[in-house]
1. Sort ASP55, ASP150 by Cβ crowding within 10 Å, fewest neighbours at the top.
2. For the range 1-144, what class follows from the C-alpha gyration tensor (a ≥ b ≥ c being the square roots of its eigenvalues): rounded when a/c is under 1.5, otherwise prolate if a/b is larger than b/c, else oblate?
3. In vacuo Debye scattering of the range 62-220, one point per C-alpha: log10 I(q)/I(0) at q = 0.09, 0.11, 0.15, 0.16 Å⁻¹?
4. Note down the magnitude of the dipole of the range 67-127 about its Cα centre, charges +1 on Lys and Arg C-beta and -1 on Asp and Glu C-beta and zero elsewhere, to the nearest 20 debye.
5. Once the Cα atoms of helix 19-31 and of the chain are each reduced to a long axis, what angle between those two axes, in degrees from 0 to 90 to the nearest 10, is obtained?
6. Which value in nm describes the separation of the simple spin-label points at LEU27 and LEU74, placed 7 Å from the Cα toward the beta carbon?
7. Given +1 on the Cβ of Lys and Arg, -1 on the Cβ of Asp and Glu, and no further charges, what dipole in debye does the chain carry about its Cα centre, rounded to the nearest 20?
8. Pick out, from SER93, ILE81, VAL108, the residue whose Cα sits farthest towards the positive end of the charge dipole of the chain, with +1 on the Cβ of Lys and Arg and -1 on the Cβ of Asp and Glu.
Amino acid sequence: MTDTTPAERLRSALEHSDASARLQAALAAGTRPDDSYIDELVARCAVESDFFVRDMLTWALTRHDPARVVPRLLPEVTSDIPQARSQSLHTLSKIGDPAAYGAITRAVLRDRHPEVARAAWRTASGLVPDDAHESLAEELATQFGRGDHDTQRSLSRAFAAIGFRAEPTVQRAAESSYDVVSAHARATLIVMDDPDVEFAEAAVEARRVVAQRALPDAGE
């Protein structure tokens, strides 16, 4: 129909059953930005099942005016829908507007859904203002030992992004009596010292060091 608006046509295209058609719609929306597209792109981020389409939705949003996109994304950070939370955080990290940092609360950083927490850690570590490095590090340290390999790697990378001002916090966690916390923190120190080291390699070395703590002293 010719009386539909551009935003309505985009919404219809983003609801197509074929992922490749949805991908093309998101690409077109980013290639020719229109303020009326923003709501449709954000809404689709919450429900889109295809990873590549979601990534294109984020790209399309970065092509629009940040002054209009960021305020629309911020409420999504606390949405009831986990994917809306994670995708909005991911998009905010790509836009890079420091104003978004305030929306990443303690509750967001401790989200029970790993994919949301990982996105929050990555976004917060990239947007953290100069006067909040230490406080962010202290909050992130509560997550040491959490989750699977990918989750732990994400946290370590967040600390590496924060940089040297996070080191005292990580050092204290490395001395924890809880082996899983100590090992994760020690692996993080390795990654912070040499970002080229694979986290899996750092984790193996850290676990070896922690395991040795339980052994009798060689001199006894």
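Derivation of every value follows stated rules applied to the coordinates shown; laboratory data play no part. If you're wondering where the values come from, they're calculated on a predicted model, not measured in any experiment. With ideal geometry, Cβ positions are generated from the backbone for all residues, glycine too; neighbour counts draw on all protein chains shown.
1. On the way: ASP55 17, ASP150 11.
Going from least to most buried by this count: ASP150, ASP55.
2. Details: a/c = 2.73, a/b = 1.96, b/c = 1.39.
Prolate, because a/c is 1.5 or more and a/b exceeds b/c.
3. For the range 62-220, the Cα-only Debye profile gives -0.31, -0.45, -0.77, -0.86.
4. 80 debye
5. 80 degrees
6. 3.4 nm
7. 260 debye
8. Of the listed residues, the answer is ILE81.
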